[in-house]
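Take a look at the following structure, please.
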Amino acid sequence: MQALKVLSTEEKEALDSPRISTDFTQSDYLGKVYIESYGCQMNFADSEVVTSILINKGYGTTSNISEADTILLNTCAIRDNAENKIRHRLQAFKAIKAKKPDVTIGILGCMAERLKTKLIEEEKLVDLVAGPDSYRDLPNLLDQIENGQKAINVFLSKEETYGDIEPVRLHSNGVGAFVSIMRGCDNMCSFCVVPFTRGRERSRDLVSIIHECTALFNQGYREVNLLGQNVDSYHWINQDSNETVNFAQLLAQTAQIHPDLRIRFSTSHPKDITDEVLHTMARFENICKNIHLPAQSGNNRILELMNRTYTREWYLDRIKSIRAILGEDCGISHDVIAGFCSETEEEHQDTLALLTEVQYDFGYMFTYSERPGTPAAKKYPDDVPDDVKSRRLSEIIDLQRKHSGIRNERLIGRIEKILVEGNSKKSDKHHYGKTDSNKVVVFPKGTEQIGEYVYVKVLSCTTGTLIGELVNS
Ligand code: SAM
Ligand code: SF4
């Protein structure tokens, strides 16, 4: 199982390593919690909610695993290798438990939800299992362990959004933050475990989202990334006025918090992204012109087996609308799965042809990994041999790399507005930031500060990064 997006050095380093908790203690604290988070941005956002819940109950947090009283792993179950990574990590905890038998080890997130009690039975080290909707119960679960029991809560809720909880930002550079706007998914793509691990789709109330984004802006943040498995189906009913708020309206309200607050969002679903969303993006300069629009396959028979509920023609029509409304500069990225059940060589060629037709800026590309309990696992044999899956994936990756290069090269000579995010990992004489279309730009430092906007002329590029110099606006 492999996955690859054409990444900058900064992004690669961020992805390769799990995110861990920072240090926070208070007097009379109940013990120190260490959290390691894996998987998608939703999971990282959830760890910030977990940290907030625990700190409010009197726990401290630590980034040093050896001083932790409780070790929590916030896990991902999307592909087999994500779960293997966690099992491997648990082995490393054996030595910690041997030295410190009282340390509590807990598994949170999608793997906890998928495996439930099995995790406690199979992994003797594990004391606590908590699914994504049971984080408010964590202090009670930790109390149960104090009393010598194992603790588990994998109840999935139809309402929980954690909307009232102010996340504690972990590892934030103070410039960008993730804001969860909905949870769960109702789509039932046949390959996907998310509907089973994160439950039914529900939208967070608009007031709490705007409140959180406003507070972030006032604290100095300059970018919010609105998160959901399918943001275009955001749907919240105001109980006072009975009015329904859709995603385009939420975007417009967030954009109006302040023109200096950049808005990004993911993930969009091709069946749901509307022209109203695209026109709203066009209307506000601070809604970044970048859309992540997973395709999964370029072939109609495979799309139907995947239960994606759109065709290649529908998908291409959405791309046409993006180009017509937002122009050629709008960044577009994709997810693609190579070697889904019964995929033929010709059908794989259709995916390559789709990539060529769209010319994406980025891609997240995977080989198919059968997930137990999903509709695909029940109905279709996982019959594409591993070597064929890997070869198809390599072909997809090579083509995407070429397109990323072409899309980056078109910016050479252009002046781009950049939000400065930090020091370049390769040199502290350089800053890095992102363009509106989500491309990483590295440039020699001037007098600008992190969190400020600057204008940069693009001088050259690699497939993952633009290289430029500061110019006066
Ligand atoms: N909700 C988003 C969507 O509909 O595109 C993304 C959900 S998922 C966390 C991210 C990506 O993982 C998917 O778009 C898909 O390409 C990939 N993925 C999900 N299940 C997979 C599986 N069983 N094998 C390989 N890749 C998978
Ligand atoms: Fe999974 Fe499909 Fe939902 Fe995305 S839309 S989370 S791929 S079921």
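Considering every residue within the stretch 283-297, establish whether at least one is away from ligand 1 (no atom under 16 Å from the Cβ), in contact with a Pro (Cβ under 9 Å, 6 or more places away or on another chain) and not polar (S, T, N, Q).
Checking the stretch 283-297: at least one residue is away from ligand 1 (no atom under 16 Å from the Cβ), in contact with a Pro (Cβ under 9 Å, 6 or more places away or on another chain) and not polar (S, T, N, Q).
A further question follows. Looking at the stretch 311-346 only, could you name the residues that are crowded, with 19+ Cβ neighbours inside 10 Å and not hydrophobic (A, V, I, L, M, F, W, C)?
The answer is Arg312, Tyr315, Arg318, Gly331, Ser333, His334, Gly339, Glu343.
With the condition being more than 14 Å from ligand 2 (Cβ to nearest atom), I'd like the helices (runs of 4 or more DSSP H) fully within the stretch 176-291 carrying at least 2 qualifying residues.
Here the list reads 206-218, 247-255, 275-283.
Related question: Do we find that Asn472 is crowded, with 16+ Cβ neighbours inside 10 Å, over 28 Å from Arg323 (Cα atoms) and polar (S, T, N, Q) in this structure?
No, not satisfied.
Then there is this: Just the residues that are among the basic types (Lys, Arg) and free of Cβ contacts under 8 Å to residues at least 24 places away in the same chain, please, taken from the stretch 299-334.
Within the stretch 299-334, Lys320, Arg323 qualify.
State which residue pairs qualify: first residue closer than 17 Å to Ala252 by Cβ and inside the stretch 287-298, second residue within 15 Å of ligand 2 (Cβ to nearest atom) in any location, beta carbons under 7 Å apart, and separation of 6 or more residues or different chains.
Ile291/Ser268
This table checks each residue for (1) within 14 Å of ligand 1 (Cβ to nearest atom); (2) closer than 21 Å to Leu316 by Cα; (3) within 24 Å of the chain's Cα centre (by Cα).
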| site | (1), (2), (3) |
| --- | --- |
| His334 | yes, yes, yes |
| Ile337 | yes, yes, yes |
| Ser342 | no, no, no |
| Glu346 | no, yes, no |
| Gln349 | no, yes, no |
| Ala353 | no, yes, no |
| Met365 | yes, yes, yes |
| Ser369 | yes, no, yes |
| Pro375 | yes, no, yes |
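What number of residues in the stretch 411-432 are more than 25 Å from the chain's Cα centre (by Cα), among the basic types (Lys, Arg) and under 13 Å from Ile467 (Cα atoms)?
Counting residues in the stretch 411-432 that are more than 25 Å from the chain's Cα centre (by Cα), among the basic types (Lys, Arg) and under 13 Å from Ile467 (Cα atoms) gives 1.
Residue by residue through the stretch 447-467, note down the ones that are at pLDDT below 95 and touching a strand residue (DSSP E or B) at 6+ places or on another chain (Cβ under 8 Å).
Answer for the stretch 447-467, where residues must be at pLDDT below 95 and touching a strand residue (DSSP E or B) at 6+ places or on another chain (Cβ under 8 Å): just Gly464.
Look at Val154 and say whether it is under 23 Å from Glu370 (Cα atoms), more than 16 Å from ligand 1 (Cβ to nearest atom) and surrounded by fewer than 22 Cβ atoms within 10 Å (Cβ to Cβ).
yes
In addition: Taking the stretch 229-265 as the region of interest, how many residues are in contact with a strand residue (DSSP E or B) (Cβ under 6 Å, 6 or more places away or on another chain) and either of a type in the set (Phe, Trp, Tyr) or in contact (Cβ under 8 Å) with a residue 60 or more places away in the chain (or both)?
Result for the stretch 229-265: 5.
Follow-up. Which residue is farthest from Leu305 (Cα to Cα), if the candidates are limited to the stretch 183-217 and must be more than 16 Å from ligand 1 (Cβ to nearest atom) and among the polar types (S, T, N, Q)?
Only one residue tops the list, namely Thr214.
Every residue in the stretch 53-102 that is at pLDDT below 95, surrounded by fewer than 20 Cβ atoms within 10 Å (Cβ to Cβ) and β-branched (Val, Ile, Thr), please.
Correct list: Ile55, Ile65, Ile96.
Sticking with this structure for a sec: Where in the stretch 378-459 are there strands (runs of 3 or more DSSP E), lying fully within it, with 1 or more residues that are among the charged types (D, E, K, R) and surrounded by fewer than 18 Cβ atoms within 10 Å (Cβ to Cβ)?
Here the list reads 415-423.
Collect the residues in the stretch 361-407 that are aliphatic (A, V, I, L, M) and without any contact (Cβ under 8 Å) to a residue 24 or more places away in the chain, keeping them in residue-number order.
Residue satisfying the conditions is Ala377 alone.
Conditions (1) farther than 29 Å from Asn84 by Cβ; (2) within 17 Å of the chain's Cα centre (by Cα); (3) modelled with pLDDT of 95 or more, marked per residue:
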position	(1), (2), (3)
Cys110	no, yes, yes
Glu121	no, no, no
Arg136	yes, no, yes
His171	no, yes, no
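Within the set of pairs 6+ apart or on separate chains, which have a first residue in the stretch 185-197 that is touching a residue at least 40 places away in the same chain (Cβ under 8 Å) and among the small types (Gly, Ala, Ser), a second that is outside any loop (DSSP other than H, G, I, E, B) and more than 6 Å from ligand 2 (Cβ to nearest atom), and C-beta atoms under 7 Å apart?
Correct list of pairs: Ser190/Leu305; Ser190/Pro375; Ser190/Ala376.
Continuing with this model, one more query. Does Ser394 qualify as being among the hydroxyl-bearing types (Ser, Thr, Tyr) and under 30 Å from His258 (Cβ atoms)?
It is false that Ser394 is among the hydroxyl-bearing types (Ser, Thr, Tyr) and under 30 Å from His258 (Cβ atoms).
Write out, first by first residue and then by second, each pair whose Cβ atoms fall under 6 Å of each other, whose residues are 6+ apart or on separate chains, and whose first residue, in the stretch 120-132, is under 13 Å from Leu73 (Cα atoms) while the second is among the acidic types (Asp, Glu).
Hits for this filter: Gly131/Glu113.
So which residues in the stretch 171-181 are in contact with a Lys or Arg (Cβ under 6 Å, 6 or more places away or on another chain) and either farther than 19 Å from Asp260 by Cβ or surrounded by fewer than 19 Cβ atoms within 10 Å (Cβ to Cβ) (or both), if there are any at all?
Within the stretch 171-181, His171, Ile181 meet the criteria.
The values are calculated or read from the model by the stated rules, or taken from the named source; none is laboratory data. Everything numeric in this text was worked out from a predicted model, so none of it was measured. When we count neighbours, we look across all protein chains shown, and the Cβ atoms used for this are built from the backbone with ideal geometry, even at glycine.
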